[in-house]
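Just below is one structure, and these are the notes that go with it.
The values are calculated or read from the model by the stated rules, or taken from the named source; none is laboratory data. A quick note: this is a predicted structure, and the numbers were derived from the prediction, not measured. Using ideal geometry, Cβ is built from the backbone for each residue, glycine included, and neighbour counts are taken over all protein chains shown. Side chains included, ligands, DNA and RNA excluded: accessible areas come from the protein's heavy atoms. Shrake-Rupley method; radii C 1.70, N 1.55, O 1.52, S 1.80 Å.
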Amino acid sequence: LMCWGRNDTGQSTPPAGAFRQIDTGYTHTCGVSRNNTIACWGSNNDGEATPPAGAFAQVTVGRMHSCAIGINGTVSCWGNNALGQATPPAGVFMQVSAGDYHTCGVQSDGSMKCWGSNQVGQSTPTPNAFFTQVSAAGSTTCGIYSDDYALGCWGQNDDGRASPPVGAYTQVSQGYSHGCGIRSNGTMACWGFNGT
């Protein structure tokens, strides 16, 4: 694993080892090792870089908390929990995404659950819908619907960060004030703030 860029709190200094999945947050980073354990590095003011022991399939890093899916499909979270963003519900999940102060996950049946901050509706996904993937960041959440692979976003929409273009998508990544997605034809679309 190689990291580069800003390294104020050691977030770009990974440990030695073999990793199969990684996620970067605001001031810390976590990765799933080849043996299914999680290693984190960088800021740990709220315990966000102290993962639990166990075997995990995926890890996601938020601003001050992290979450991971165990090999049995249950979600574990650690770090700051002032708004409940680190208190996942029971269930079996196939993918999870941690934002700044909220977290969302796609359950094994395709339904979505979110927990944590919901001041602008970022934790209220479209009801009675099924998804293939979700991405949470800032005060916005985006998900790909499993029926037509269209992209839906909810929550804060300043600068158009929750207004993706129409189309079929295979992957989405939501940032703090913008989002990007890969369309089914392989092209990429981005939306939201573009000041830089």
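For the stretch 87-196, the relative contact order is 18 percent, taking Cα pairs closer than 8 Å that sit 6 or more residues apart in sequence and dividing their mean separation by the residue count.
For the chain, what number results from the quotient of the Cα radius of gyration and 2.2 N^0.38 Å? The partial results should precede the final answer.
Numbers: Rg = 15.9 Å, N = 196, 2.2 N^0.38 = 16.3 Å.
Normalised by 2.2 N^0.38 Å, the Cα Rg of the chain equals 0.97.
The residue list Ala16, Ser76, Val134 was ranked by how far each Cα lies along the charge dipole of the chain toward its positive end, using unit charges on Cβ atoms, and Ala16 comes out on top. Rolling a 1.4 Å probe across the protein heavy atoms gives the stretch 40-196 an accessible surface of 43 Å² per residue.
From the P(r) of the stretch 28-97, can you give the percent of Cα pairs sitting at distances over 16 Å? Of all Cα-Cα pairs in the stretch 28-97, 40 percent lie more than 16 Å apart.
Tell me, what % of the accessible area of the stretch 72-113 is carbon and sulfur with a 1.4 angstrom probe? Write out the running numbers ahead of the final one.
Values: 830 of 1550 Å².
Percent of accessible area from carbon and sulfur atoms in the stretch 72-113: 53.
If you sort His178, His65 by accessible surface, 1.4 Å probe, largest first, the order is His178, His65.
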